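Presented below is the structure to which this report refers.
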Amino acid sequence: MQLPRRTPEDFMHATPQTLQKAIQKHQNGDHRAACTLVKKWLRKNPRNPDALHLLGMFTWKSGSPRQGLKWVEQACEVRPKLGPFHSTRGVLLAELGRTTESIDAFQTAISLAPDHLEAHHNLATAYLRTGAYESALSILQICLTRAPNNPSIQLKTGQALLGLNLHEDANEHLQKAAAALPRHAPAWMSLGIALMKAGNTKGSQAALTRARELAPKDPSVHAAWSDLNFLKGNLEEAEVAAGKAMKFAPTNRNHKSRLGRILSTAWRLEEAQEIFSSLIQQNPHDLVAISGLAMVLHRKGDNAGAWKLLSPHIEEGQTSTKFLIAAGPIARRVGESTQAIAWIKTALDKPLAQYERALLNHILGTLLESTEDYDGAFLAHDTSNQLRELRYDANDAIKGTQKTIETFSARFFETGKHHSTQPIRNDAASPKPVFIVGMPRSGTSMVEQIIASHPAVFGAGERKEIGSSVHGLAKISNVKVPYPMAAAHVSHDDLIEIGERYQRKMAHLAQKAGHASCEIITDKMPHNFLFLGFIAQVLPEARIIHCRRDPLDTCLSCYFQYFNARNPVSTSLSSLGTFYQEYERLMAHWHEVLPIPILDIQYETCVHELEATARELISFIGLDWDPACLAFHHSNRMVATASYEQVRKPVYTTSIGKAQHYLHHLSPLLEALSR
């Protein structure tokens, strides 16, 4: 958006009748007719600068900026000392993508007419396009002294501050701009981005929703919406929005990189690698694509290949935030932790988006731990969690556990009234479901990797289907109440349909992965421990493997993990302690009442007695022993969880007792666990 532009009359020293008619045509939107009238007048006055300038503007508005520029340049030749002419020349140069030349034109205009506000505004806009945010801000501060309430100047000032990562200052200006320009999508989009970078995801969502309503085909708006959902962990919505951004701007490299990052995070690594490789082939110096490809290789276990990709740019001193987010974890795996620590500490001294600062502190904490700087590691992780500002209501968790226990009582299962006692209506040869549950970071990935190494097992990873079905119960229950109460009011047929739908989905995944003949399918969503009563209702043939680990090690590992925004409990030691207590209370209840078998596996025992534990697991799920289960770290199976690196290694003991290094920092956790 530009400042309210001077009308053509402002540039006229004398306005002949023919030109007055042309101006009127222009104001009515008939730019071609306006051009015709000016050309007619120029035949008699070919060197009139005002007419040439008018013709340039009218020609531009009629859709020919290149020809319009020629007319304006002729006007500047005739009247080289008239600043507004050079300002118009700058606008047309910018329109044609000749940004550097446009900056020169605006600077000329300002030197000739220091009070020409529009030239200052346009120069700042050009600086913003080139990323010269400090230069833009210095010009905009001049504009603010002359027009402090102008919404366009407020908007551009906010955008400049946003580019400098001065989010709080940016918010102040962008709030004013959005209020003054309620139907201007860029104002709402910029405000949404500023709020997102400041950590206010709720405010960001509201602002970006408004921008999407106003500009449903603006690729930048969809890109911002994608970034917000990526930050919140809504990868499916982020992918849809990134696709829309690419649809409306198919040649934009940033949008393609955005999609690549989403696919990589969703562990669709081949698709992500194809996108990043293509971008690098087009531009070998694209650091965003290089960082993205390096992270894909890292997730595939090729840390040497990832570091080789990054090394030339590290030597050149490239330490942008996105580059460091990729390089940090890889550096630790190739013995370069000390170097990476120095980079990240330097980066943290600069202005950053709040979520970038949080993520870099998390990476720093992991690097410092690898150098045995435990106090520094805790401080970095603690800072990361404080910056994330996620909130967990312990009282709601306690109430939720109690309602679950009351709903899924022993009597609930004894009567058989509300659970599917009849066999699931499917092929007898269908794979049997095994659920691996427990606290996050309790060894669920290792257990699934052991089991999935058996040739008769397909490991489906962390699946959301059970949680989605639970949240949909209120819509189909006979009494409109939320879960868990809704589980007591769902018809037998609906329960059977939910179970069959789940099994069809898992069988499809197995077939797609080349495991159509498998006998067992595992689902290792840890939080399914919340829904074991429901699982017993809809999948009475299921078996449950419950992973346990030392409470302090479990909770500290969660605290040191950068989970997405859907797991707010992990950003507070006190909340983790309360959550762990409720988890143990609920699991004790399931052991008492569930009509389906549960096997408890202790992480520490599994590490020290791998073969005995593996044999117990395979026996529990009803299969014959296979030695491949002991070589799980050689499996080429992709693990799309926070443990993707650990399961590629033989069993190791270094994670046992890790909390002992941090005991003097864990008072809030110890207190919560002792309640």
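The values are calculated or read from the model by the stated rules, or taken from the named source; none is laboratory data. Bear in mind that the values here come from a model prediction, so they are computed numbers and not experimental data. FYI the Cβ positions are ideal-geometry reconstructions off the backbone, even for glycines, and counts take in every protein chain you see. Side chains included, ligands, DNA and RNA excluded: accessible areas come from the protein's heavy atoms. Shrake-Rupley method; radii C 1.70, N 1.55, O 1.52, S 1.80 Å.
When you restrict to C-alpha pairs under 8 Å that are six or more residues apart and normalise by the size of region 440-519, the relative contact order lands at 29 percent. Here the translational diffusion coefficient of region 155-313 follows from Stokes-Einstein with Rh set to the Kirkwood radius across Cα pairs; for 10 °C and 1.306 mPa s it amounts to 97 µm²/s. Think of the chain as having a plus end and a minus end, set by charges on the Cβ of Lys, Arg, Asp and Glu; of TRP267, SER517, SER409, TRP267 sits farthest toward the positive end of this dipole. Other residues within the sphere of radius under 12 Å centred on the Cβ of ASP523, judged by their own Cβ, net out at +3 (K and R +1, D and E -1). The HN-Hα couplings worked out from phi for region 665-675 by the Karplus form 6.51 cos²θ - 1.76 cosθ + 1.60 (θ = phi - 60°) are 9, 9, 3, x, 5, 4, 5, 5, 6, 8, 5 Hz, whole numbers, x standing for Gly and Pro.
Taking every full run of DSSP H in the chain, the ones that stretch at least 27 Å from end to end by Cα along their long axis and average -0.5 or higher on the Kyte-Doolittle scale are 573-593. Could you pull out the pairs from LYS176/LYS202; LYS232/LYS403; LYS21/LYS44; LYS308/LYS524 whose alpha carbons sit more than 24 Å apart here? Violating the 24 Å Cα-Cα cut-off are LYS232/LYS403; LYS308/LYS524.
For ILE436, the residues 5 or more places off, or on other chains, whose built amide H falls under 5 Å of its own are ASP523, LYS524, MET525, ILE545.
Expressed as a whole percent, the accessible area of region 121-179 that falls on carbon and sulfur atoms is 49 (1.4 Å probe). Give me the base-10 log of I(q)/I(0) for region 160-211 at each q in 0.22 Å⁻¹, Debye formula, one uniform scatterer per Cα, rounded to two decimals. Once normalised to I(0) and log-transformed, intensities are -0.67. Close amide-amide hydrogen proximity is noted between ARG549 and TYR603, each under 5 Å apart and 5 or more residues distant or on a separate chain (H modeled in the peptide plane; Pro and chain starts excluded). Residues of region 46-67 with an amide N closer than 17 Å to a point placed 7 Å from the Cα of GLU77 along the Cα-to-Cβ direction: 46-57, 66-67. In region 209-282, taking the dipole from charged Cβ atoms about the Cα centre, the farthest positive-side position among SER226, LEU214, GLN281 is held by LEU214. Length, then width, then depth: along the principal axes, the Cα atoms of region 202-281 run 36, 25, 14 Å. Taking every alpha-carbon pair under 8 Å whose residues sit at least 6 apart, the chain reaches a relative contact order of 8 percent.
With contacts taken as Cα pairs under 8 Å and at least 6 residues apart, region 176-271 reaches a relative contact order of 19 percent. Once you reduce region 291-364 and region 465-540 to the center of their Cα atoms, the two points are 40 Å from each other. Quick note on region 43-191: its Rg to Rh ratio, both from C-alpha atoms and Rh being the Kirkwood radius, is 1.03. Starting from the coordinates of the alpha-carbon atoms of region 448-491, obtain the Kirkwood hydrodynamic radius over all distinct pairs and give the value in Å to one decimal. Computed over region 448-491, the radius equals 12.4 Å. The aspartates and glutamates within cross-link reach of LYS432, meaning a Cα-to-Cα straight distance under 13 Å and a gap of 8 or more places when in the same chain, are GLU500, GLU519, ASP523, GLU541. Distances between every pair of Cα atoms in region 448-531, grouped in 5 Å steps from 0 to the bin holding the largest one, split as 3, 15, 21, 20, 16, 11, 8, 5, 1 percent. About the centre of its Cα atoms, the chain shows a dipole size close to 3420 debye [charges on the beta carbon of Lys, Arg (+1) and Asp, Glu (-1) only; nearest 20 debye]. Our Cα-only numbers for region 553-623 put the radius of gyration and Dmax at 15.4, 41 Å. A simple spin-label model places pseudo-atoms 7 Å from Cα toward Cβ; at ASP493 and LYS247 they are separated by 3.7 nm. On a per residue basis, the convex hull of the C-alpha atoms belonging to region 238-307 measures out at 70 Å³. Per residue of the chain, the DSSP helices (runs of n ≥ 4 H) give a summed -39500 (n - 2.57) that works out to -19500 deg cm²/dmol at 222 nm. Surface calculation, 1.4 Å probe, protein heavy atoms: VAL434 sits at approximately 0 Å² accessible. Between the labelled values [x] 1.15; [y] 1.20; [z] 1.33, the entry that holds Cα Rg over 2.2 N^0.38 Å as derived from this structure is [y].
Under 17 Å of direct C-alpha separation, and excluding same-chain neighbours fewer than eight residues apart, LYS475 reaches these aspartates and glutamates: GLU465, ASP493, ASP494, GLU497. To the nearest 10, the accessible area of HIS608 is 130 Å² with a 1.4 Å probe. So for the chain, taking the charge dipole from beta-carbon charges (+1 Lys/Arg, -1 Asp/Glu), which of PHE106, GLY63, ILE290 sits furthest toward the positive end? My answer, from the dipole projection, is GLY63.
With N denoting the number of residues in region 100-152, provide Rg(C-alpha) divided by 2.2 N^0.38 Å, to two decimal places. The reported ratio for this selection is 1.04.
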